[in-house]
Amino acid sequence: MAGFQEPPLKKPKTDVNFVFNSHLPVQQSPIRGVNGHFNNKQHAGNFLFPKGPATFKPKVQGNGANRNTKSSDQLKILKQRHALPIFPARPRLLKELKKNDVVIVIGETGSGKTTQIPQYLHEERLDRKGAICVTQPRRVAAITIAKRVAEEMDTNLGELVGYSVRFEESVSPSTKLKYMTDGMLLREAISDPLLSKYSWVIVDEAHERTVSTDVLFGIIKDAQKSRKAFAKYPLRVIIMSATMDVDHFSNYFNKCPVLYIEGRQHPIEMFYAREKQEDYVLAAMSTVIQIHKEAPPQHDILVFLTGQEEIDAVVHNIRLIAKDNSLAEFPKIRVHALYAALPAHQQLDVFRATAAGERKVIISTNIAETSITIPGVRYVVDSGRAKVRNYLPGSGFDVLKVKKISQAQAWQRTGRAGRETSGFCYRAYTLEEFNAMAVNPVPEILRSNMSSVILQLLAMGIKNILTFDFIDKPSTEYVQQAVEQLTLLDAAKVVKSDMLELTETGKKMAQFPLDPRYAKILLSGPDYGCTDEVLTIVAILSSESIYTNPSGKKEAAVNARRKFSSMWCHENFLNYRNLSYTVEVRKQLVQVCQRCGISIVSCQQNLDSVRRCIIAGLFTNVAELQLGGKYLTLDSRQEAALHPASVLFGGKPAYVLFTELVHTGKTYMHINSAVDAQWLFETAPEYFRKRHIKI
Ligand SMILES: Nc1ncnc2c1ncn2[C@@H]1O[C@H](COP(=O)(O)OP(=O)(O)OP(=O)(O)O)[C@@H](O)[C@H]1O
């Protein structure tokens with residue numbers, strides 16, 4: 001549904017006036033003196049100053065074929081590794097890591113934390129007893145970093161170095177360095193709370209404070225304690241970031257030491273808008289054109305905007321502008337969009353190097369904000385905004401809204417330049433606006449629906465959520481609402497005051513890497529005789545969009561897809577790769593169903609059964625048509641509209657089920673089905689009686 005509207009943008013007429021602000025020199029942290037996090041006395045003395053090139057002979061090398069006769073590519077990579085700011089600190093860093101159970105490592109973006117520290121541990125054979133796991137908040141980072149490290153270690157991806165992200169992994173029994181999303185490690189902890197496969201867990205980009213990372217902190221602390229008592233080898237933990245509140249983290253981890261990797265490899269020149277910009281999208285776009293007119297080819301540009309529709313529109317506009325005769329004398333532009341809903345191959349395409357005389361312009365969400373290195377990027381243009389998920393208190397829903405980013409995020413964005421060589425960062429907002437931004441992002445756990453997390457914690461045997469050792473406690477109200485949702489789904493029951501337990505249904509639900517509501521739909525499949533059908537639907541809902549929305553053909557794509565409400569059509573702007581991915585997801589869900597003994601039956605096109613089954617999981621996501629023609633959600637009495645791209649638009653069914661609410665100017669219900677009031681009552685009588693629906 002997203003991506004329906006044609007670009008609302010005009011060609012930017014005026015240039016944004018920038019003022020040169022500072023030069024982030026090679027040997028000085030950009031954050032020090034700006035947000036003050038590093039000026040903390042408690043940890044003084046832990047700086048790992050570069051002491052000139054250290055020499056070392058790795059005890060273990062990659063298992064590539066040409067170990068003795070290194071190719072020139074390998075020698076080049078080795079040289080690059082040795083030039084990183086972290087390299088001279090290697091001996092002291094290892095000494096500290098060996099000495100302490102938990103260490104916080106702070107280092108400039110690009111200093112080499114993510115790619116090098118795991119390799120150092122491996123070279124020292126500190127992974128003999130268990131593998132090294134490195135968590136990332138985002139899948140694209142986990143995959144691309146694993147690829148880079150495999151290349152650096154001269155090994156095939158999936159052998160010594162691998163990755164694991166939801167529904168996709170490349171690992172083998174010989175994998176020693178495993179890059180994975182924080183959510184995947186949390187999932188592993190359900191069956192193995194001691195994390196016994198690993199001797200090291202490295203939590204990277206800890207400042208992002210995703211729900212999964214926050215919960216992992218508590219799990220890791222617990223696992224560490226238990227393993228000290230009776231496991232064969234201890235669990236060592238490294239918490240890493242370039243921009244985080246070290247005191248808060250260190251206090252949580254029993255005043256663990258904080259190590260600072262000094263210096264950055266390449267300088268970055270910083271620019272701020274001279275005046276406040278009315279329209280951040282136009283400001284970002286005109287900055288790109290300004291840079292394009294001045295920068296040499298192959299100096300690529302990475303632009304941070306907020307969401308899919310906006311990014312598609314900007315990509316479309318820049319392509320149009322690039323065709324303008326007035327730009328004929330400048331390099332050819334290759335424009336890429338980068339957001340989570342894009343198929344993996346399109347996401348990875350942005351890493352492809354530019355041809356001679358060409359410039360790559362990448363318009364991205366905050367998916368590219370941390371960890372990754374995009375070859376060729378020398379310019380970063382930051383709109384200062386991001387789309388963030390926020391829980392609607394009292395509703396059980398998360399809503400996506402465009403918000404200003406934090407200073408920590410702004411520095412991370414800056415850090416995507418200056419990785420291979422010197423760079424430039426243009427902030428399309430003023431220095432005053434920057435100073436007024438929050439220092440750190442609000443932890444996701446304080447603003448999200450917690451039902452998935454609580455289901456996972458219960459599956460790990462943690463019965464009292466309110467006493468779990470969270471680094472920042474979520475509000476009791478949010479916890480209670482999530483518990484209520486899990487109780488309504490028959491996943492959990494209260495056994496004593498504040499003590500919860502999973503029901504048999506809940507135990508099965510926790511086996512699925514899905515939102516509990518989707519898991520409940522699958523578990524209800526046999527009751528409605530339609531497991532086969534709902535498996536397909538849930539697989540699609542859990543994958544990235546199977547639709548394509550080519551720019552300039554959005555209307556045609558929407559019209560083509562309208563036909564799906566009555567019949568299957570070919571050649572209707574379906575995304576082949578994402579469809580194939582969905583088939584893989586479905587296969588994995590079938591395996592979990594088989595493990596849980598859920599029989600896979602088909603209702604043979606009886607779509608009413610399918611809709612009733614979907615209600616079993618999503619009955620809290622229903623809106624009712626009001627007299628004035630508007631919809632109100634039954635759970636929170638919130639006004640929400642059908643999107644013009646929905647097949648139900650204009651039809652006005654009395655009750656509409658949706659998967660989520662999306663706020664883009666107006667609140668839209670995302671992905672809909674018309675449902676019957678009688679079915680609602682039959683599925684959750686207690687719940688709907690309280691909501692007085694009309695039958
Ligand atoms: N895919 C890649 N291609 C080329 N160079 C790369 C690639 N990945 C990493 N590098 C090089 O390795 C350096 C260190 O990257 P690394 O991700 O380890 O830094 P980091 O300190 O973890 O940064 P951040 O805090 O931004 O995650 C980069 O600055 C870059 O020079």
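The values are calculated or read from the model by the stated rules, or taken from the named source; none is laboratory data. All figures in this text were calculated on a predicted structure; none of them were measured in a lab. Here Cβ is always computed from backbone atoms with ideal geometry, including for glycine, and neighbour counts include all displayed protein chains.
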Completion exercise
Here the residues within the range 449-466 that are surrounded by fewer than 23 Cβ atoms within 10 Å (Cβ to Cβ), in contact with a helix residue (DSSP H, G or I) (Cβ under 6 Å, 6 or more places away or on another chain) and in a loop (DSSP other than H, G, I, E, B) are Met460
Problem - All positions within the range 352-372 that are surrounded by fewer than 20 Cβ atoms within 10 Å (Cβ to Cβ) and either within 13 Å of the ligand (Cβ to nearest atom) or not assigned by TED's automatic domain parsing to the domain that holds Lys403 (or both) - result: Arg352, Ala353
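Residues checked against (1) in contact with a helix residue (DSSP H, G or I) (Cβ under 8 Å, 6 or more places away or on another chain); (2) more than 16 Å from the ligand (Cβ to nearest atom); (3) outside the structural domain of Ser71 (by TED's automatic domain parsing):
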site	(1), (2), (3)
Lys129	no, yes, no
Cys133	yes, no, no
Arg138	yes, no, no
Met153	yes, no, no
Leu157	yes, no, no
Ser164	yes, yes, no
Val171	no, yes, no
Thr175	no, yes, no
Fill in the blank from the handout: The number of residues in the range 579-631 that are aromatic (Phe, Trp, Tyr) and crowded, with 22+ Cβ neighbours inside 10 Å is 2
Practice task
Return the residue satisfying two criteria in turn: it lies in the range 302-322 and is under 22 Å from Ala353 (Cα atoms) and out of contact with any helix residue (DSSP H, G or I) (no Cβ under 6 Å at 6 or more places or on another chain), and of such residues it is surrounded by the fewest Cβ atoms within 10 Å (Cβ to Cβ).
Solution key: Arg319
Problem - From the options Leu657, Leu648, Leu632, residue that is within 30 Å of Val402 (Cα to Cα) and assigned to a loop (DSSP other than H, G, I, E, B) - result: Leu648
Fill in the blank from the handout: The number of residues in the range 71-116 that are near the ligand (Cβ under 10 Å from one of its atoms), in a helix (DSSP H, G or I) and either under 15 Å from Val258 (Cα atoms) or of a type in the set (Phe, Trp, Tyr) (or both) is 1
Problem - Of all residues in the range 373-392 being β-branched (Val, Ile, Thr) and touching a strand residue (DSSP E or B) at 6+ places or on another chain (Cβ under 8 Å), the one that is farthest from the ligand (Cβ to nearest atom) - result: Val388
Practice task
Within the range 202-231, track down each residue that is within 16 Å of the ligand (Cβ to nearest atom) and among the β-branched types (Val, Ile, Thr).
Solution key: Ile202, Val203, Thr210, Thr213
Exercise for the section: Could you give me the residue pairs with C-beta distances under 7 Å whose first residue belongs to the range 441-456 and is touching a residue at least 40 places away in the same chain (Cβ under 8 Å) and within 10 Å of Val215 (Cβ to Cβ), whose second residue is outside any loop (DSSP other than H, G, I, E, B) and of a type in the set (D, E, K, R) wherever it lies, and which are 6+ apart or on separate chains? Expected result: Ile445/Asp214
Problem - Matching option when the condition is hydrophobic (A, V, I, L, M, F, W, C), touching a strand residue (DSSP E or B) at 6+ places or on another chain (Cβ under 8 Å) and more than 16 Å from the ligand (Cβ to nearest atom), among Val237, Val246 - result: Val237
